[in-house]
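Notes for the one structure printed next.
The values are calculated or read from the model by the stated rules, or taken from the named source; none is laboratory data. A quick note: this is a predicted structure, and the numbers were derived from the prediction, not measured. All Cβ positions, glycine included, derive from the backbone under ideal geometry; neighbour counts span all protein chains shown.
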Amino acid sequence: MESYGKIFVVVAVLSVILVGIFIYLFFMDRKIGKLEKEVEDKIANTRK
C-alpha cells in the first residue's frame, strides 16, 4: 500500500518537470521570433 502513494509523487514531479520544459520552450520561441523579425527588418532596411 505504501507504493500506491509514491506513484502520485512520481507523477507530480514528472508533471512539474514537463510543464517547466513547455513553459521554457514557449518563451524561447517568442524570443527567437522577435529576433527573427528584427533580422528581417534590418535586412529589409539595408536593401532600400
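Things worth noting here:
- Identity of the residue in segment 1-37, charged (D, E, K, R) and at pLDDT 95 or above, that ends up farthest from the chain's Cα centre (by Cα): K37
- Only listed residue being basic (K, R), loosely packed, with under 10 Cβ neighbours inside 10 Å and in a helix (DSSP H, G or I), chosen from K37, K6: K6
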